[in-house]
Amino acid sequence: MTAETVSLSLDDSGAAWIRVNRPERHNAMTAAMYEALLECIAAARADARVRCVLLQGEGGKSFISGTDISHFKDFTHGKQGNEYEAFVERVIDAVERISVPTIAVIDGWAVGGGLALATACDFRICTPKSRFGAPIAKTLSNTLSSRNMARLAAALGVPRVKRMLLLADYLGAEDMLNCGFVQSIASAETLIDESRQLADKLMALSGTTQAAVKESLRRIVVDNDLHDVDLVESVYGSAAFRSGVAAFIKS
């Protein structure tokens with residue numbers, strides 16, 4: 001099942017597509033599917049040809065609808081909640097640590113863990129019918145980790161996060177576009193093409209700069225860490241920087 005529901009493919013352009021395909025369950029993630037996603041991410045990070053990673057939910061109804069509720073049926077004590085949140089954090093952290101730009105390709109619902117995965121990506125493109133939320137106050141009565149709340153607050157602002165978590169509201173595509181969470185809204189027919197166009201634009205720019213910016217922002221938002229000596233050294237000591245300076249002077 002895992003190989004069929006989570007897969008990785010690479011375009012000739014250098015764009016890697018990770019696809020979640022379990023539409024009969026709105027692309028709800030099992031533990032095995034999360035592990036498969038981690039394997040796909042590791043494979044993409046290890047492949048020097050990859051210049052951009054796109055995460056897509058198949059089926060036209062949901063991007064990812066979070067964790068399959070059956071995962072929680074045997075929970076009997078709070079420690080299992082900490083173990084679960086640590087497991088999910090490993091997945092979200094892996095998405096954030098992809099050094100090349102990442103795009104969430106969203107057609108339909110991005111809910112719970114799906115919202116967290118979309119937030120961990122650098123850019124999001126969605127369709128007009130897309131909805132975003134984490135209605136845990138009226139479903140499971142669980143909570144999110146503080147790290148995931150920090151990510152949501154940085155991406156959406158605290159008032160919108162409170163609407164999602166305290167009121168169990170869903171936000172629509174236009175709301176998410178207006179606050180900058182979504183890069184653009186595309187029709188279902190043009191979603192893939194517009195996502196590819198954004199990937200092409202990103203892949204034409206400096207991967208050295210992009211990797212440093214991504215890691216610096218991750219540290220600021222998630223770790224509250226302003227340490228950047230290693231990042232600055234790696235960029236200013238890179239062949240890409242020297243080539244850029246030489247090309248600019250020559251022009």
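The values are calculated or read from the model by the stated rules, or taken from the named source; none is laboratory data. Everything quoted here is computed from the prediction, not taken from an experiment. Positions of Cβ are backbone-derived with ideal geometry, glycine not excepted, and every protein chain shown enters the neighbour counts.
Answer yes or no as to whether V182 is at pLDDT 95 or above, of a type in the set (A, V, I, L, M) and not assigned by TED's automatic domain parsing to the domain that holds L115. Taking the combined requirement at face value, the residue does not satisfy it.
Does S7 satisfy the criteria of being assigned to a loop (DSSP other than H, G, I, E, B), out of contact with any Gly (no Cβ under 7 Å at 6 or more places or on another chain) and in contact (Cβ under 8 Å) with a residue 24 or more places away in the chain? No, not satisfied. Restricting K138, K61 to those that are touching a His at 6+ places or on another chain (Cβ under 8 Å), charged (D, E, K, R), free of Cβ contacts under 8 Å to residues at least 60 places away in the same chain and assigned by TED's automatic domain parsing to the domain that holds T30 reduces the list to K61.
Select from region 177-199 the residues that are of a type in the set (A, V, I, L, M) and assigned to a helix (DSSP H, G or I) and list them in ascending order. Hits for region 177-199 are L177, L191, I192, L198, A199.
Which one is surrounded by the most Cβ atoms within 10 Å (Cβ to Cβ), of the residues in region 63-88 that are at negative phi and among the small types (G, A, S)?
Among residues in region 63-88 that are at negative phi and among the small types (G, A, S), the one surrounded by the most Cβ atoms within 10 Å (Cβ to Cβ) is S65.
Please list, ordered by first then second residue, the pairs with beta carbon atoms under 7 Å, 6 or more apart or interchain, first in region 28-52 and within 15 Å of S9 (Cβ to Cβ), second among the hydroxyl-bearing types (S, T, Y). What qualifies is A36/T2. Scanning region 43-71 for residues that are of a type in the set (S, T, N, Q) and over 18 Å from the mean Cα position of the chain (by Cα) turns up just one, S70.
Here is the figure for region 120-160: residues that are among the hydrophobic types (A, V, I, L, M, F, W, C), exposed (fewer than 15 other Cβ atoms within 10 Å of the Cβ) and not in a loop (DSSP other than H, G, I, E, B) total 1.
The number of residues in region 79-112 being under 10 Å from the mean Cα position of the chain (by Cα) and among the small types (G, A, S) comes to 2. Picking from residues in region 28-59 that are in contact with an Asp or Glu (Cβ under 7 Å, 6 or more places away or on another chain) and assigned to a loop (DSSP other than H, G, I, E, B), the one that is farthest from L115 (Cα to Cα) is T30.
Only one of the listed residues (V91, V100) is in a helix (DSSP H, G or I), surrounded by 14 or more Cβ atoms within 10 Å (Cβ to Cβ) and of a type in the set (V, I, T). That residue is V91.
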